[in-house]
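The values are calculated or read from the model by the stated rules, or taken from the named source; none is laboratory data. The shown structure was predicted, so the numbers you read here are calculated from the model rather than taken from an experiment. Cβ coordinates were reconstructed from backbone atoms using ideal geometry, including for glycine residues, and neighbour counts include every protein chain displayed.
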Amino acid sequence: MNLAPSRTNLTTNVNPSLPLASEIRCEAVELAFSDGTRAVSDVDLRIPAGSITSLVGPSGCGKTSLLRLFAGLEKPSSGRVRLEPMISAVAGEIAFVFQQPTLLPWRTAMENVQLPLELMGRFSKSQRMEIASQLLEDVGLQDAHLKKPHELSGGMRMRVSIARALATSPRVLLLDEPFAALDDILRGQLGELLLELWSLRRFTAVMVTHNIGEAILLSDRVVVMRGGRTDAPRVNPLPRPRTDALRRTVAFGEFYGVISDALREPS
Amino acid sequence: MKRERRGIDATSWVVQSVSVIAVAAVAIVVWILVLELFELPPILLPSPQRVLDAAMRERDTLIRGMFSTGIAAAAGLATALLIGSFVAILFSQSRLIRRAFFPYVIFLQTVPIVAIAPLLITWSGYRFRTVVIVTVIISLFPIISNVTAGLMTIERELADLFRMYGAGRIKRLWKLQIPSAVPYLVLGAKISSGLAVIGAIVAEFFVGNGASYDGLGTLMTGWQAMQRTDALIAALFASTLLGLLLFGVVHIVAAVFLRRWTRSETSPGSAS
């Protein structure tokens, strides 16, 4: 088990030199594959800078494709995806957390975390290791620097994966069902970790999830997606900071109902 | 979890050793029974005792033969590893190259080595070099196909990750594909270690009489001609032993030098 100490006085760590978050804008975005299937159709969406947005929807509705469009891993067949201010993924301004930790098995946690900086040729090796070491502490893994992925639990591996995504101090963090493979307790812990990191760094986060409760606890807006199309974002009425106790409130239940109704509507 | 699995490995290793020895014991009993029942002359089938005696009598010759054949097989295997890895890297870089040349790689697999050995002697002569060349040809296919598979079997997410941080071909090859392919290389080398010994012995059948060469294949043809069946069977066991030795060397070299890349859950070699 990896019960990370939950840190409370986070505001002392805020780094003012971090770059600003970016807004994501989609204008009539379509993504069709060469076999004719349409993963994403006619998506107009604005994701405000520095917000957390959840993307919920049934399997195969195009959530992952939309995320890949944001990341620049797919080019839209028509329409466009813009990031304001203009940034490019290659510059390390956008980071992606996959459903699986996707670590390099022959590298230690620290070597995995500094990989993005290494690939971009940023900093000296010792500087990169210093950054990686700090990030591992930020995700609650101060004792795992030299461990290989196979020596870590599933939750710890995901923490390493998140630390790696933050190595370049990205303005946009995209997460594709990052906690889907974890049990409920770990899922809750990692959700809290994500919120902590976000409150320190204020990146724009877009998270794909199947879990409506998780979407409500973590995000400012929830976007329901069905059959490649998105609804208008639904603004989360619940105040921050949010704790698990919110799950028992009427407001939580109402918002939950709104989203699950929207998911059930025919597309 | 990992430790548990290793525990099971340890007991299964004992079970395996015992069952291997049991099979050998049964085979020897059957061997003796066949001798008793059919009263076969020693020239057709000598008794296990006669084979053992022959092995002791020809001990020095057999050890020298194993050494010569072993050097040829090891040299061929090492050359095949170098050439095979290089070819696999070329294959991994271009679909066009792969499509154009892979059929010829399959030719390496399907061509009967016995059929091309005489041709190679015509070109290269009755010498050690020819034996090594035959060994290279027979060892090459498993290495090319395994290493190519290793270089190409990259998780899509990892490939995306490298792309997102602007890693080019060389960085992807060096930091992602080659390390991922190491377990496949080890697997290929293990498969080829047995083939290399076969290749060397087959080549020696042809080269043997023409040169002052004393490999196991040469000894076998000689003893067959002299109808010394007991020594011939002893040489057969020596070649099997040599194959196992070469396999063991590959295993140890991989365990010592390539541990970093092979000791992980994703290793395809863990099944061997």
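Worth pointing out:
- If you go through the range A:90-138 and keep only what is touching a residue at least 60 places away in the same chain (Cβ under 8 Å), closer than 21 Å to B:Trp261 by Cβ and either touching a Pro at 6+ places or on another chain (Cβ under 8 Å) or among the aliphatic types (A, V, I, L, M) (or both), you end up with A:Pro101, A:Leu103.
- Selected residue (criterion: surrounded by the fewest Cβ atoms within 10 Å (Cβ to Cβ)) from residues of the range B:47-85 that are of a type in the set (S, T, N, Q) and in a helix (DSSP H, G or I): B:Gln49
- Where helices (runs of 4 or more DSSP H) fall wholly inside the range A:45-143, the ranges with 1 or more residues that are more than 14 Å from chain B (Cβ to nearest Cβ), touching a Phe, Trp or Tyr at 6+ places or on another chain (Cβ under 8 Å) and among the β-branched types (Val, Ile, Thr) are A:125-138.
Each row is one residue, and each column tells you yes or no for (1) modelled with pLDDT of 90 or more; (2) of a type outside the set (D, E, K, R); (3) in contact with a helix residue (DSSP H, G or I) (Cβ under 8 Å, 6 or more places away or on another chain).
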site: A:Thr64; (1), (2), (3): yes, yes, no
site: A:Glu74; (1), (2), (3): yes, no, yes
site: A:Arg80; (1), (2), (3): yes, no, no
site: A:Gln100; (1), (2), (3): yes, yes, yes
site: A:Glu118; (1), (2), (3): yes, no, yes
site: A:Glu130; (1), (2), (3): yes, no, no
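- Of the residues screened, B:Leu185 is one that is within 19 Å of the chain's Cα centre (by Cα), within 14 Å of chain A (Cβ to nearest Cβ) and not basic (Lys, Arg).
- Candidate set from the range A:161-172 (those that are more than 13 Å from every other protein chain (Cβ to nearest Cβ) and assigned to a helix (DSSP H, G or I)); member that is surrounded by the fewest Cβ atoms within 10 Å (Cβ to Cβ): A:Ile162
- Within this structure, B:Gly194 passes the test of being assigned to a helix (DSSP H, G or I) and either of a type outside the set (Ser, Thr, Tyr) or at the interface with chain A (Cβ under 10 Å from one of its Cβ atoms) (or both).
- Scanning the range B:123-165 for residues that are within 14 Å of chain A (Cβ to nearest Cβ) and touching a Gly at 6+ places or on another chain (Cβ under 8 Å) returns B:Met164, B:Tyr165.
- Counting the residues of the range A:82-101 that are among the β-branched types (Val, Ile, Thr) and surrounded by 21 or more Cβ atoms within 10 Å (Cβ to Cβ) gives 2.
- Taken over the range A:228-259, the criterion of being in a helix (DSSP H, G or I), modelled with pLDDT under 90 and surrounded by 15 or more Cβ atoms within 10 Å (Cβ to Cβ) is satisfied by A:Leu246 alone.
- Subset of the range B:167-182 [facing chain A (nearest Cβ under 7 Å) and under 12 Å from A:Leu115 (Cα atoms)]: B:Ala167, B:Lys171
- Filter pass, B:Thr148 being hydroxyl-bearing (Ser, Thr, Tyr), closer than 30 Å to A:Phe96 by Cα and crowded, with 16+ Cβ neighbours inside 10 Å: yes
- Residue selected from the range B:156-184 under the condition surrounded by 19 or more Cβ atoms within 10 Å (Cβ to Cβ) and among the aromatic types (Phe, Trp, Tyr), by the criterion farthest from A:Trp106 (Cα to Cα): B:Tyr165
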